[in-house]
Structure formats: structure tokens, C-alpha cells
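The values are calculated or read from the model by the stated rules, or taken from the named source; none is laboratory data. Nothing here was measured: the structure is a model prediction, and the numbers come from that model. Cβ placement follows ideal geometry from the backbone for every residue including glycine, while neighbour counts extend to all protein chains displayed. The protein model used for the area step is the full one, side chains on, heavy atoms only, and it has no ligands, DNA or RNA in it. Shrake-Rupley method; radii C 1.70, N 1.55, O 1.52, S 1.80 Å.
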Amino acid sequence: QVQLVESGGGLVQPGGSLRLSCLASGSHFSINAMGWYRQAPGKTREFVAVIRSGGSTGYGDSVKGRFTISRDNAKNTVYLQMNSLKPEDTAVYYCRGGPMYADWGQGTQVTVSS
């Protein structure tokens, strides 16, 4: 099992930016896909972005063109750069990864509000 720890959430005004980080424990980080998901109050968990071992990426329709996922294999860390934030981006953001893509972090709160 891999431990995932998110950080970087907070309160930001509409149109602002935040960068989330997810630090993964254990070895073989570079061969695992890593993803970000989010869950707003009263809603189901939603796919945000994924980055695969070869570096290819995928995004949910609601964040395309605004969010960018990246990884630093030397630091066992995956990032989510979030730009042009909207109030509807408010949610708890979760990191997902591990050998079976079955491990989750505890989440970090992102609130977009004026």
C-alpha cells in the first residue's frame, strides 16, 4: 500500500490560481499512474486529471485548458496547477495512485470564493 499526502489547498478568489501537491511513499513511483479527483458537498467524486508513467495526461471536461497535472519522479510527487479558478471548482481534492491505482490520500480543501 502506498501512502499519499496532499497539500496546497486553501481559499482563493475567482480567477486565481493554486498548486496542489501529492507526495507518495514507497518505491516504484515512476511506473505508476497518478490522478486527481474532487468531491463537492452533496456530489459524487469526480475525475479531474491523470498522468501516466510515460507522461501522457488526461483531463476532465470541466477543467481542460485551466488545470495542468505534472509529476516529479525524483521527488515522488505529483502536482495539479489550477488556474482561472471558478466557484464551481470548490471541493475536496484527492490524490489517487499506487501499484493498482487503488490508494487514496486524505484530501485537501479548495474553496473558490470572493
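Summary of values
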{"quantity": "Residue count for segment 79-101, restricted to those that are open to solvent by 10 Å² or more (accessible area, probe 1.4 Å) and either acidic (Asp, Glu) or closer than 15 Å to ILE31 by Cβ (or both)", "calculated": "4"}
{"quantity": "Some residue of segment 29-47 being outside any loop (DSSP other than H, G, I, E, B), open to solvent by 10 Å² or more (accessible area, probe 1.4 Å), modelled with pLDDT of 95 or more and β-branched (Val, Ile, Thr)", "calculated": "no"}
{"quantity": "Residue within segment 55-78 that is touching a Ser or Thr at 6+ places or on another chain (Cβ under 7 Å), open to solvent by 60 Å² or more (accessible area, probe 1.4 Å), of a type outside the set (Gly, Ala, Ser) and within 27 Å of GLY26 (Cα to Cα) present", "calculated": "yes"}
{"quantity": "Test result for LEU20, within 26 Å of SER114 (Cβ to Cβ), more than 15 Å from the chain's Cα centre (by Cα) and not in a loop (DSSP other than H, G, I, E, B)", "calculated": "no"}
